[in-house]
Amino acid sequence: MENRICPECGSRVAADAPAELCPKCLLQAGLGNLESENPTPDHDATLLVEPVSAATDETIVPTQLDVGGPAKVPPVGSKVQYLGDYELLSEIARGGMGVVYRARQSRLNRSVALKMILAGQFASEADVERFHIEAEAAANLDHSGIVPIFEVGEHEGNHYFSMGLVEGGSLASMVSDGPLPALEAAKLVHKIAEAIQYAHDNGVIHRDLKPANVLIDQTGQPKVTDFGLARRLDGDSNLTGTGQILGTPAYMPPEQASGKTDEIGPLADVYSVGAILYCLIPGRPPFQG
Amino acid sequence: MIHNESDSERNPARDFATTQWSVVLAAGNRQDASSSRALEQLCRAYWPPLYAYVRRRVTGIHEAQDLTQAFFERLLEKDYLADAAPERGRFRAFLITAFKHFLANEWDRQKALKRGGGVRRLSLDFDSEKVAGGIETVDSTTPDQIYERQWTLTLLDRVMQRLQRELERAGRGAEFSRLKHFIIGQSGESYARAAADIGVSEPAARMTASRMRQRYRGILRDEIAQTVASPDDIDDEIQHMFSIFAN
């Protein structure tokens with residue numbers, strides 16, 4: 001039987017290898033860094049990669065990782081779980097503040113992503129207020145480059161909001177495959193910049209822009225999500241006025257990283273957009289702490 | 001080759017406790033219908049490694065086929081689970097241990113029995129190119145090494161066929177064919193060219209490949225989960241199989 005050489009590892013690969021792929025490299029890929037395509041405690045909740053056949057519910061796979069946190073959120077699995085009008089189908093992602101579920105809104109019979117605060121009914125007032133600020137800020141934005149917010153609600157002490165379900169993965173998972181060609185990177189960042197400009201024009205800054213917060217839909221178009229730290233430019237919230245650093249350092253401007261929250265404005269997002277562009281070309285952020 | 005869609009394939013979110021090997025182990029010596037069915041499904045999936053093993057142990061093809069067939073009839077009829085108790089953690093280890101036990105102690109007696117007449121038989125496709133090819137191409141290794149190697153190939157083949165079926169059901173079979181190589185890397189391949197071939201943008205092709213890779217990992221873990229007693233064993237199994245090919 002004719003063998004060929006694997007371009008990845010140089011091993012001989014039999015013609016009847018699984019899907020004609022090198023078994024050694026397939027196993028290497030199986031050992032691969034699951035965390036790189038799943039959320040970790042260092043990431044905010046972000047919509048991540050759905051199974052490629054996610055058009056049907058029967059192939060939905062919840063994330064393998066459970067990063068812990070208070071178990072005050074509805075489990076999903078073999079039992080049907082409802083949260084208000086939403087049937088929770090699977091857990092998509094879990095971060096420091098929230099859990100994101102794939103859900104079906106029964107009344108409108110549509111698939112949505114539902115983000116719920118992790119601490120549930122025991123959340124602090126500050127957590128609840130920040131959560132609602134996020135929802136309020138994003139709900140007022142209507143742009144093709146921004147994941148839309150549908151509804152904000154509370155169910156038995158659990159605060160949540162529903163948003164558009166993007167059948168794709170994040171820019172972070174895309175770049176984990178390797179750097180992008182400069183032209184492709186520039187086109188993506190151009191669209192991200194237009195979306196952010198729109199948000200700024202409407203008085204909203206994001207403050208945590210990073211590749212993991214940019215989803216790529218099935219047509220390859222970027223959509224900014226997770227306005228978890230957003231605030232209105234004209235808002236009077238003092239939630240982050242205590243010097244508490246919120247955000248992801250690798251993509252933060254110096255003033256934000258040093259906790260000078262009073263100085264954070266639209267330019268913070270501009271810095272982050274630049275850091276994203278940088279990341280896409282060599283495959284790593286400009287600064288790694 | 002026979003492929004059976006497990007419960008977890010239809011709904012991977014189900015508890016680990018419902019995997020095939022854990023169902024068999026949980027039933028123990030008092031096998032019920034569901035555990036018998038689970039054992040039969042496992043046997044249908046993983047007989048090629050045993051056949052590869054015995055092909056190296058005996059000279060005649062027909063003798064190897066008879067032994068393989070007889071073993072599975074025996075396995076499905078008689079309690080071998082208790083005999084292989086120390087190896088019960090993983091179906092891979094249990095199967096080869098039970099087969100060796102069969103070859104050492106029961107083959108001669110089994111040969112004298114006339115099979116049929118109500119004995120449960122598995123329909124095994126000994127002419128499968130996958131099975132024959134996998135054996136012929138390995139000629140300098142021990143029977144145990146052949147078994148381990150063929151086990152891994154059988155499992156990976158199931159994983160890739162599941163992934164392909166899922167994509168084909170979603171009407172994306174062409175994307176699977178063109179992008180599957182990106183599951184293992186991108187040496188010698190260009191996303192731009194692949195994207196052009198299937199008529200999508202390069203970012204879309206990258207994203208699809210990334211999703212395929214993630215789904216591949218999920219299916220791989222699910223298939224392994226069907227053969228081990230604990231989810232803690234999954235990573236060890238991948239490591240073990242990798243070491244077979246790395247060496």
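The values are calculated or read from the model by the stated rules, or taken from the named source; none is laboratory data. Keep in mind that this is a model prediction, so the values were computed, not measured. Ideal geometry is used to build each Cβ from the backbone, glycine not excepted, and the neighbour counts take in all protein chains shown. Ligands, DNA and RNA are excluded from the accessible area calculation, which covers all protein heavy atoms including side chains. Shrake-Rupley method; radii C 1.70, N 1.55, O 1.52, S 1.80 Å.
Karplus-based coupling profile of the stretch A:15-27, in residue order and whole Hz: 4, 9, 4, x, 6, 6, 10, 5, x, 4, 6, 4, 5, with θ = phi - 60° in 6.51 cos²θ - 1.76 cosθ + 1.60 and x standing for Gly or Pro. Applying the Karplus relation 6.51 cos²θ - 1.76 cosθ + 1.60 with θ = phi - 60° to the stretch A:153-169 yields 3J(HN,Hα) values of x, 9, 9, 6, x, 8, 8, 8, 9, 9, 8, x, 8, 8, 7, x, x Hz, where x marks Gly and Pro.
Between B:Asp197 and B:Thr141, the modelled label-to-label distance comes to 2.9 nm, taking each label 7 Å out from Cα in the direction of the beta carbon.
Rounded to whole numbers, the Karplus 3J(HN,Hα) couplings from phi for the stretch A:205-217 are 10, 8, 6, 8, 6, 6, x, 5, 9, 10, 8, 10, 7 Hz, using 6.51 cos²θ - 1.76 cosθ + 1.60 with θ = phi - 60°, and x at Gly and Pro.
List, in the order given, every pair from A:Lys24/A:Lys223; A:Lys187/B:Lys180; A:Lys24/A:Lys187; A:Lys115/A:Lys191; A:Lys24/A:Lys210 whose Cα-Cα distance in the structure shown is over 30 Å.
A:Lys24/A:Lys223; A:Lys24/A:Lys187; A:Lys24/A:Lys210
The interface between chain A and chain B buries about 4700 Å² of solvent-accessible area in total (1.4 Å probe, ligands and nucleic acids excluded). Measuring heavy-atom accessible area with a 1.4 angstrom probe and counting protein chains only, the residues of the stretch A:184-218 that give up at least 40 Å² relative to the chain alone are A:Glu184, A:Gln218. Ranked from largest to smallest solvent-accessible area, with a 1.4 Å probe on the protein heavy atoms, A:His132, A:His206, A:His190 come out as A:His190, A:His132, A:His206. Taking amide H as placed 1.01 Å from N in the peptide plane, the amide H of A:Val13 sits under 5 Å from that of A:Arg4, A:Ile5, A:Cys6, each at least 5 places away or on another chain.
The modelled label-to-label distance for the pair B:Lys100/B:Ser34, using points 7 Å beyond Cα in the direction of Cβ, is 3.3 nm.
Once backbone amide H atoms are built at 1.01 Å from N, B:Gln226 has no partners under 5 Å, excluding neighbours fewer than 5 places away on the same chain.
Legend: residues A:Leu267, B:Leu155, sorted from most to least accessible area (1.4 Å probe; ligands, DNA and RNA excluded), read A:Leu267, B:Leu155.
Note on A:Glu156: accessible area approximately 150 square angstrom, rounded to 10, probe 1.4 Å, nucleic acids and ligands left out.
Placing pseudo-labels 7 Å out from each Cα toward the beta carbon at B:Glu168 and B:Glu189 gives an inter-label distance of 1.9 nm.
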